[in-house]
Structures are given as C-alpha cells and as structure tokens.
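Okay, so here's the structure we're looking at.
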Amino acid sequence: MNELPSNRREDKNLCGTRINHFKVIGSNEEKIGHNRVWLCKCDCGRITYVRHSELLTGRAKSCGCFNITT
C-alpha cells in the first residue's frame, strides 16, 4: 500500500487562518467528495462550511453576502 506524502494540501491545518472574507474556526471530520470541509465565519457573521479546495484556490470568497453588496 502506498502512503501519501505528509505535505499534502489536505493535511494543512487552516484553523485560525483568514482567507478572503472567511476566518476558519474549525474542521469537520466529514468530507465532500475528496475534500475536507472547514467551518468558517464570514465577515458578515454567518457561519458556514466551505470546501478545502475552494478556500485554497480562492473560489470561495464569502458566504454569498459579498455578491449581494457588490
């Protein structure tokens, strides 16, 4: 059985990190597809789950509130 490298992006702990309009406040043990899901608090105050890959690529910028205000 092949072991995955320990420096995989999925292994990075993002708790406490600010990405776009999100602050990562926790993780969820469940995954959506192959992606870890993070519990994030948006600048507007809403708490939502965001996929790991969408945080790192910048695809997820806010909970949706940013789209309404622009």
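Looking only at segment 18-36, count every residue that is open to solvent by less than 60 Å² (accessible area, probe 1.4 Å) and over 17 Å from Gly64 (Cα atoms) and tell me the total.
Looking only at that region, the number is 3.
Just give me the residues in segment 38-50 being farther than 14 Å from Thr17 by Cα and under 9 Å from the mean Cα position of the chain (by Cα), in sequence order.
Selection gives Tyr49 alone.
Do you know which of the residues in segment 10-56 that are of a type in the set (Lys, Arg) and not in a strand (DSSP E or B) is modelled with the lowest pLDDT?
The qualifying residue modelled with the lowest pLDDT is Lys12.
Any chance you could count how many residues in segment 37-70 are over 19 Å from Asn13 (Cα atoms) and either surrounded by 12 or more Cβ atoms within 10 Å (Cβ to Cβ) or in contact with a Gly (Cβ under 9 Å, 6 or more places away or on another chain) (or both)? Steps first, please.
From segment 37-70, those over 19 Å from Asn13 (Cα atoms) are 43-46, 62-70; that's our starting set.
Next cut, either surrounded by 12 or more Cβ atoms within 10 Å (Cβ to Cβ) or in contact with a Gly (Cβ under 9 Å, 6 or more places away or on another chain) (or both) only: 43-44, 46, 62-66.
So the answer is 8.
Is there any pair linking a residue in segment 17-33 that is without any contact (Cβ under 8 Å) to a residue 40 or more places away in the chain to one that is open to solvent by 70 Å² or more (accessible area, probe 1.4 Å), with Cβ under 7 Å and at least six apart or on different chains, and which?
Final answer for the pair search is Lys23/Lys41; Ile25/Lys41; Asn28/Tyr49; Ile32/Arg51.
The values are calculated or read from the model by the stated rules, or taken from the named source; none is laboratory data. Because the structure is a prediction, the values reported are computed rather than measured. Cβ atoms come from the backbone with ideal geometry, glycine included; neighbour counts cover every protein chain shown. Side chains included, ligands, DNA and RNA excluded: accessible areas come from the protein's heavy atoms. Shrake-Rupley method; radii C 1.70, N 1.55, O 1.52, S 1.80 Å.
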